[in-house]
Structures are given as structure tokens and as C-alpha cells.
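J.: Below is the structure I would like to discuss, written out as C-alpha cells.
The values are calculated or read from the model by the stated rules, or taken from the named source; none is laboratory data. All values derive from a computational prediction rather than experimental measurement. Heads up, the Cβs are rebuilt from the backbone with ideal geometry, glycines too, and the neighbour counts pull from every protein chain shown. Heavy atoms of the whole protein, side chains included, go into the accessibility calculation; ligands, DNA and RNA do not. Shrake-Rupley method; radii C 1.70, N 1.55, O 1.52, S 1.80 Å.
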Amino acid sequence: MKEYSQPKLPYDKSDLEPAISRLTVEYHYGKHEKAYIDNLNKLINNTIYADMELEDIIRQADGALFNNASQAWNHIFYFFTFSPDGGGEPSGDLRKAIDEQFGSFENFKEEFVKAGTAIFGSGWVWLSKDNNGKLFITQTSNAGNPIRDGLIPLLTFDVWEHAYYLDYQNRRADALKALWNIVDWDIVESRY
């Protein structure tokens, strides 16, 4: 059986401050993400999913298994998009696609934050692409993931309250806007 484990973050827990506090990283990645991975390992034990890649589990599973597999993947994807040296703007082919499809990088950021704040309840806002490189801003509720729709995720912001409440209380838009300061565009571009 494949045993999933929680990867060590490539930065210290306080390195993303003030965008994300040390306390939020400790709870969000340290406890929430660990629980998803622990539950995933329990749920795949002695099932057809025991040796599957995580993305295949996300595509095929339902219920609790889907929720824990997708949340495990989503959180790793989210936290490994950030860097204490992040911020700025994308360049290269990704920037060209953003400018062509959203008018400008500023317009893209506004649309992305607007989509994230419009999600009722818990979920994720995503920048994804299709196989032709066309970009999409999508919203998913709960553990949703654009992989299930055949898209390739490039960037996500978590809009579950546990992602921002300790730092921003009910100010979701402020939390999302702060994340632009820590996005590592080299990582996002490598996914494009």
C-alpha cells in the first residue's frame, strides 16, 4: 500500500508573515493538512485505491475518500505555491496568456479575488488551464478540485475560514489580496 506523508514546507512557519501568520501555518498546515493525510491513509487501506496516485484518487473517488484525498492535494499545492521572496508579477508565456485573456495582470487579480470572495461557505478559487493553454478562473466548494473537470491547476487560494480567520477574521477579501505578496510566480509558471 502507498503511504502518503506530509511534505516539509520549504520555508519556516513564520516566513510568510504578515500575509499568513506563524500561528495560521501551524494550525492550517500543521494540523488540518496532517489530518487530511492521516485520514487518506486510513481510507485507502485495503481498497482499490491503496496503490493509486493521489490525482487518480481525486478523479475517481467519492465521499470521505474524495474529500480527504483532494484536501490533502489542495493544501500541498496551496502551501507550496508561496515563498517569503514571492510577490511581483508573472512573466513569459503565462503573463502573455493572462494579459490576452484577462486584459491585464491587475484585471486578472481583481477577477480572481472577486471569485474567491463570492464563494458561499468553504472552498477554493483556482487559476487553471486546459490542454490548449486557455486559462480559467474557477470556484470549487468544499474539497473541489479542477482536476475532476480535466483542467490543470496552476494557482489556488484557500477560502475555508481556517485559512485566514486567525489573521483576518471575516475579512476574506483582505486575506486573498495579501496572498499576492507571497505567490512564487516561478512555481506557478512552471505549472503552465
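J.: Between residue 166 and residue 132, take the C-beta separation as r, use R0 = 30 Å, and let me know the FRET efficiency to the nearest 0.05.
T.: Computed FRET efficiency for residue 166 and residue 132 comes out at 0.15.
J.: I would also like to ask the following. State the percentage of accessible surface on region 1-146 attributable to carbon and sulfur atoms; use a 1.4 Å probe and exclude ligands, DNA and RNA. Write out the running numbers ahead of the final one.
T.: Details: 3360 of 7220 Å².
Taking all protein chains in place, region 1-146 shows 47 percent carbon and sulfur surface.
J.: Full-extension gain between residue 15 and residue 110, please, as 0.36 nm times their residue separation minus the C-alpha to C-alpha distance.
T.: Full-extension gain reported as 31.7 nm.
J.: Continuing with this model, one more query. For residue 48 and residue 120, FRET efficiency with R0 = 30 Å and r from the beta-carbon atoms, rounded to 0.05?
T.: It comes out at approximately 0.30.
J.: While we're here: Which of the three applies to region 76-124, rounded, prolate or oblate, going by the alpha-carbon gyration tensor with a ≥ b ≥ c and a/c under 1.5 meaning rounded? Walk me through the intermediate numbers first.
T.: Numbers: a/c = 2.29, a/b = 1.18, b/c = 1.95.
Here region 76-124 falls in the oblate category.
J.: Counting only Cα atoms, I'd like the Rg/Rh figure for region 126-192, Kirkwood definition for Rh. Show your work: numbers first, answer last.
T.: Values: Rg = 13.1 Å, Rh = 13.1 Å.
Dividing the radius of gyration by the Kirkwood radius yields 1.00.
J.: Right, next: Could you please report the charge total around residue 166, scoring K, R as +1 and D, E as -1 over all other residues with beta-carbon less than 11 angstrom from its beta-carbon?
T.: -2
J.: Please state the shape class of region 23-131: rounded when a/c is under 1.5, otherwise prolate if a/b exceeds b/c and oblate if not, all from the C-alpha gyration tensor. Working shown, then result.
T.: Working: a/c = 2.23, a/b = 1.79, b/c = 1.24.
The shape class here is prolate.
J.: Same structure again: Could you compute how fast the chain diffuses translationally, taking Rh as the Kirkwood radius over C-alpha pairs and applying Stokes-Einstein at 4 °C with viscosity 1.567 mPa s? Give it in µm² per second.
T.: 76 µm²/s
J.: Would you mind getting me the FRET efficiency between residue 95 and residue 5? Use the beta-carbon distance for r and R0 = 35 Å, nearest 0.05.
T.: E(calc), rounded to 0.05, equals 0.50.
J.: Given the DSSP H assignment, sum -39500 (n - 2.57) over each helix run of at least 4 residues in the chain and divide by its residue total; what's the result at 222 nm in deg cm²/dmol, nearest 500?
T.: -12500 deg cm²/dmol
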